[in-house]
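Written below as C-alpha cells is the structure these notes are about.
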Amino acid sequence: MTDLETWSRSFSEFTASFAHRFPRVESRRQATSYLRGLLSELERKNGWTLAEMCGEQGPERLQRLLNFYAWDTDGVRDDVRDLVVEVLADPDHGVLILDDTGFLKKGTKSAGVARQYSGTAGRIENCQIGVFLAYASSKGRALIDRELYLPKAWTEDRDRCRASGIGEQVAFATKNELGHAMLRRAVQSGIPFGWVTADEAYGQVSRLRLWMEEHDIHHVVAVPKSQTVITMDLGQERAHRLIADLPEQAWERLSCADGAHGPRVYDWARADIRPWREPGKGHWLLARRSITDPEELAYYICFADENTTLVELARVAASRWAVEECFQAAKNETGLDHYQVRGYRAWYRHITLSMAALAFLVRLRQGVQKGNQNTPRACV
C-alpha cells in the first residue's frame, strides 16, 4: 500500500468508530469532510477555506454541521477519549492534566467572549477561554475533554445567553469547577491513569485537592508561594518559607523531561506536610528551583503512596508541559483556534472535531512508531 492508501484506510476506520453518533447520512458525510479539512495543510481552517477544500460552493453545509444538524457531540467526545486512551494508556504513570487556553475574538457576540486574562496572549484580551483535560504518557499526549468558560457577565444575562444558544440550565461555573467536572467524567469512565497535575490556578483550590484525596487520586499540583500548608508539628507555614528552611543537601538536580532545547534540568526538594494521613500515604510540599536563577522557584502540593520517590514527583510536575504541547499541536495542525462560530453548541462541536483530528494524528504516529504492528482496532 502507498502512504496515501494507508492513511485513507486508517482515517476511514477511525471515523467509523464514532459514526453512530451521527444519525443521518448527511451529517456523517459533513463531519468526515470537516475532519479531512482540519487534517489538511491549509494555513487557515475556517468555514470558507474548509468548504473550498471539500469542493463546496460555500460554507453553508459545514455551518449546518456545527449549528443545526442533530448529532451527539458529547458522545463523540467520549469516543475520542477512549480512542486516545486505547493507544496511550499507562495505568501507573499516565497523567491527566488540567489547563485552559484563550481564543482571541473580536466583538461581543461569541458565546463566553469577554475582556479577560488569556495565558495565550499573556495579558487581558477580548477572548473566549476553554478549559481542557489532556492525557499524557511516555507514548504521547492528546486532549480528551473540554468546557467553555462563561463569565458571570454572561450567565447573569439570560437574554444574551439565549441569543447564543446557551440553555437555561447552564449556570456560572469557575474554571476550577469545570476542570473538576472533567476529572469526574474521566474517573467515571474508568480510563486508566496514575496521576493528576495542574497549574496553580487549579492546584490552589483545596476542594479539588480534597476530592482527589477522597478518591485516592495521586496528584502533583502547582500552588503559589503564599500557599499555607500544615507542617509536621501541626503549625501553619507559607510554602516559600517552609522550603527556605530546608538544608542545601535536601536539593537534588534532576532532568525530568526533554524540552525544545534538550533536557529540562532543575534542582528539586520536598518537605513532609500534613501529619494526619491515611496509612501508607504521603503528603509533600515539592519545590523546583532554577539552576541559572536560584530565586526562581515553583511549588507543588503532592499526594501519593508514602514510598513515592522525588524523581517520580518531579516527573509528574514536569509533565504539565504536555498540555501546552497539545494546544500548540491542535492550533497548528488541526485548527483548534481557527473557527469562526459564535454559538455555544457550535463552539463545542468545532473543538470536539479538532480534538478528534488531533487524536487521529496521535494514533497514526503511534502506528508508525510501532511499525504497524499490534495495531489498535480503529486505526492504523
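Hey, any idea what % of segment 248-314's accessible area is carbon plus sulfur with a 1.4 Å probe?
Answer for segment 248-314 is 47 percent, counting heavy atoms of protein chains only.
Could you grab the relative contact order for segment 101-161? Cα pairs under 8 Å, six or more apart, rounded to a whole percent.
29
Which chymotrypsin sites (Phe, Trp or Tyr not before Pro) in segment 31-81 pass both tests, a DSSP loop state and at most 16 other beta-carbon atoms within 10 Å?
Values: sites: Tyr34, Trp48, Phe68, Tyr69, Trp71; in loops: Phe68, Tyr69, Trp71.
Passing sites in segment 31-81 are Phe68.
List the residues whose amide H sits under 5 Å from the amide H of Ile144, counting only those 5 or more places along or on another chain, with H placed 1.01 Å from N in the peptide plane.
It is Leu133, Ala134, Tyr135, by chain and number.
Going 7 Å from the Cα of Asp159 along its beta-carbon direction, which residues of segment 97-112 have the amide nitrogen within less than 16 Å of the resulting point?
Within reach of a label on Asp159, which here means backbone N under 16 Å from a point 7 Å along Cα→Cβ, segment 97-112 contributes 109.
So which GluC sites (Glu not before Pro) in segment 158-209 are both in a DSSP loop and have at most 11 other Cβ atoms within 10 Å of their Cβ?
Passing sites in segment 158-209 are Glu168.
Distance between the C-alpha centers of segment 146-182 and segment 1-77? Whole Å please.
27
For a label point 7 Å from the Cα of Asp78 along Cα→C-beta, name the residues of segment 9-23 whose backbone N is under 19 Å from it.
Only 15-23 pass the distance filter.
Could you work out what % of the accessible surface of segment 67-214 is carbon and sulfur, using a 1.4 angstrom probe and leaving DNA, RNA and ligands out of the count?
49
Sort 73-84, 178-189 by the packing proxy (mean of other Cβ within 10 Å over each peptide's residues), most packed first.
Going from most to least packed, we get 73-84, 178-189.
What is the packing order of peptides 142-155, 298-311, 16-29, taking the mean over residues of other C-beta atoms within 10 Å and listing the highest first?
142-155, 298-311, 16-29
With the cut-off at 1.5 for a/c, could you classify segment 137-241 from its C-alpha gyration tensor as rounded, prolate or oblate? Each step should come with its number before you reach the end.
Values: a/c = 2.53, a/b = 1.47, b/c = 1.71.
Oblate.
Can you show me the helix-derived [θ] at 222 nm for the chain, built from DSSP H runs with n ≥ 4 at -39,500 (n - 2.57) apiece and divided by the number of residues, rounded to the nearest 500.
-12000 deg cm²/dmol
Taking the chain, how many lysine pairs are there with alpha carbons less than 17 Å apart, if each pair must be eight or more places apart or span two chains?
Close lysine pairs under the 17 Å cut-off: 6.
What is the chain by shape, rounded, prolate or oblate, if you read a ≥ b ≥ c off the alpha carbon gyration tensor as root eigenvalues and call it rounded for a/c under 1.5, prolate for a/b larger than b/c, and oblate otherwise?
prolate
Accessible area, 1.4 Å probe, largest first: how do Trp276, Trp321 sort?
So, going from the largest accessible area down, we get Trp276, Trp321.
Once you order the gyration tensor axes a ≥ b ≥ c over the Cα atoms, which shape class does segment 171-213 get: rounded for a/c under 1.5, otherwise prolate or oblate by comparing a/b with b/c?
Oblate shape, in that a/c is at least 1.5 and b/c is the bigger or equal ratio.
Specify the inter-centroid distance of segment 215-260 and segment 261-333, based on alpha-carbon positions, in whole Å.
Cα centroid to Cα centroid, the span is 8 Å.
With contacts defined as alpha carbon pairs under 8 Å and 6 or more residues apart, what's the relative contact order of the chain in percent? Working shown, then result.
Numbers: 675 pairs, mean separation 76.6, N = 380.
For the chain, the relative contact order is 20 percent.
Out of the total accessible area of segment 9-66 (probe 1.4 Å, heavy atoms of protein only), what percent is carbon and sulfur?
Solvent-exposed carbon and sulfur of segment 9-66 make up 44 percent of the total.
Determine the relative contact order of segment 250-370: mean sequence separation of Cα pairs under 8 Å and six or more apart, normalised by residue count, in whole percent.
The normalised contact order for segment 250-370 reaches 16 percent.
How much area per residue is accessible in the chain when the probe is 1.4 Å and only protein heavy atoms are counted (Å²)? Before the final figure, lay out each step's value.
Details: 18050 Å² over 380 residues.
The answer is 47 Å² per residue.
The values are calculated or read from the model by the stated rules, or taken from the named source; none is laboratory data. Given the structure is predicted, the values throughout are model-derived calculations rather than measurements. Because the Cβ atoms are built from the backbone with ideal geometry, glycine has one as well, and the counts that use them run over all protein chains shown. Accessible surface areas use protein heavy atoms only, side chains included; no ligands, DNA or RNA. Shrake-Rupley method; radii C 1.70, N 1.55, O 1.52, S 1.80 Å.
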